[in-house]
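Asker: Structure incoming, see below.
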Amino acid sequence: MKPKTKKKAPKVPKALRSSTYKKYQTKDRRRRVLAVRLTNEGGHSVVVIGWKSKPTIVRQFPIVPSEVPLPVLMSTSRELAAWCARYWARHQSLPSDKSERGRRKRFLRKHLAAFNVHLETKKVVVALKMPPKPFTKPDPLKMRLPWICLYDPKLVLGDNTFHMHTAYCAQMDKHRKKIVNRKRGGASWVIEATTAEEAMKLQLAEFKSEDKGYDLGDFVVHECAAKTLEKKVLGKTVLGRVGRSRR
């Protein structure tokens, strides 16, 4: 003998599929219970579907105008219909009036509190709302870039003490290894400026405040500085990762 297959619950009719937001079925799978939105009247309803019967509305939760805000009434009606449909699917009967009143009060309190919080938050957002600023393309001549200053105490790289490199210079790592070590005593640091000339002026201003006696003749700008405006910096700088075109 073939094993008995479980009978499936009735399908939801096409006319109710778009307005159904909750669906349940009885234990014997003979009926399906739906929580449906009412399009014309407003509110929600509970619909029972059987195998050989038309959809039957067993309970309605219409919207009754009152002092309570409409969004709170709609949310309360929605939850009441879902709760009632679930109850009918379990017990094949409607809940008592007393039980329904208790549920309605509970849902009203919950949604009214959430609605009041929403209003308070909306007031704060409206008060702090700033007009959007139009996007302006940054001017490459005014962009602050990281410049690497190499200090060469024993002049292994030339006749100048300080060498200015862009952060994506391909030769900077090689030069820095020559002077930044224990034997040479060199150093390197980052200066943020729009151009190499501005970076040197900023560094000289710091030297003058410390009375170190350096001038522009102690600086030299590497050839990589001439390419700063030719191409944009890709990815991160040499402080991290650089683009393929700059390696």
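The values are calculated or read from the model by the stated rules, or taken from the named source; none is laboratory data. Just so it is clear, the structure is predicted and the values come from calculations on it, not from any experiment. Cβ: placed from backbone, ideal geometry, glycine included. Neighbour counts: every protein chain shown.
Asker: Does Thr39 satisfy the criteria of being over 22 Å from Ser96 (Cα atoms), free of Cβ contacts under 8 Å to residues at least 60 places away in the same chain, surrounded by 15 or more Cβ atoms within 10 Å (Cβ to Cβ) and hydroxyl-bearing (Ser, Thr, Tyr)?
Answerer: Spelling it out, it is not the case that Thr39 is over 22 Å from Ser96 (Cα atoms), free of Cβ contacts under 8 Å to residues at least 60 places away in the same chain, surrounded by 15 or more Cβ atoms within 10 Å (Cβ to Cβ) and hydroxyl-bearing (Ser, Thr, Tyr).
Asker: Among Ser66, Ser45, which is the only one that is surrounded by 14 or more Cβ atoms within 10 Å (Cβ to Cβ) and polar (S, T, N, Q)?
Answerer: Values: Ser66 fails: surrounded by 14 or more Cβ atoms within 10 Å (Cβ to Cβ).
Selected residue: Ser45, the only one of Ser66, Ser45 that is surrounded by 14 or more Cβ atoms within 10 Å (Cβ to Cβ) and polar (S, T, N, Q).
Asker: Can you work out which of the residues in the stretch 11-36 that are part of a loop (DSSP other than H, G, I, E, B) and of a type in the set (S, T, N, Q) is surrounded by the most Cβ atoms within 10 Å (Cβ to Cβ)?
Answerer: Thr26
Asker: Is it the case, given these coordinates, that Lys105 is in the same structural domain as Val46 (by TED's automatic domain parsing), of a type outside the set (Phe, Trp, Tyr), loosely packed, with under 13 Cβ neighbours inside 10 Å and not in a strand (DSSP E or B)?
Answerer: On the way: in the same structural domain as Val46 (by TED's automatic domain parsing): yes; of a type outside the set (Phe, Trp, Tyr): yes; loosely packed, with under 13 Cβ neighbours inside 10 Å: yes; not in a strand (DSSP E or B): yes.
So Lys105 fits the description; yes.
Asker: Continuing with the same structure: Could you grab me the full set of residues in the stretch 62-96 that are touching a strand residue (DSSP E or B) at 6+ places or on another chain (Cβ under 7 Å) and not in a helix (DSSP H, G or I)?
Answerer: The answer is Pro62, Ile63, Leu94.
Asker: Something else: On the given criteria, is Arg59 in the same structural domain as Lys23 (by TED's automatic domain parsing) and either in contact with a strand residue (DSSP E or B) (Cβ under 8 Å, 6 or more places away or on another chain) or of a type in the set (Val, Ile, Thr) (or both)?
Answerer: Yes, satisfied.
Asker: Look at the stretch 205-222 and say how many of its residues are part of a strand (DSSP E or B) and either of a type in the set (A, V, I, L, M) or without any contact (Cβ under 8 Å) to a residue 12 or more places away in the chain (or both).
Answerer: Here is the first cut: in the stretch 205-222, the ones part of a strand (DSSP E or B) are 219-221.
Next, from what is left, pick out any that are either of a type in the set (A, V, I, L, M) or without any contact (Cβ under 8 Å) to a residue 12 or more places away in the chain (or both): 220-221.
Count: 2.
Asker: Checking Ser99 against (1) of a type in the set (Ser, Thr, Tyr); (2) assigned to a loop (DSSP other than H, G, I, E, B); (3) surrounded by 13 or more Cβ atoms within 10 Å (Cβ to Cβ), which single condition isn't satisfied?
Answerer: Only one criterion is unmet by Ser99, namely (2).
Asker: Could you tell me which of the residues Ala85, Ala81, Ala89 is surrounded by 14 or more Cβ atoms within 10 Å (Cβ to Cβ) and within 18 Å of Lys105 (Cβ to Cβ)?
Answerer: Unique residue meeting the criteria: Ala81.
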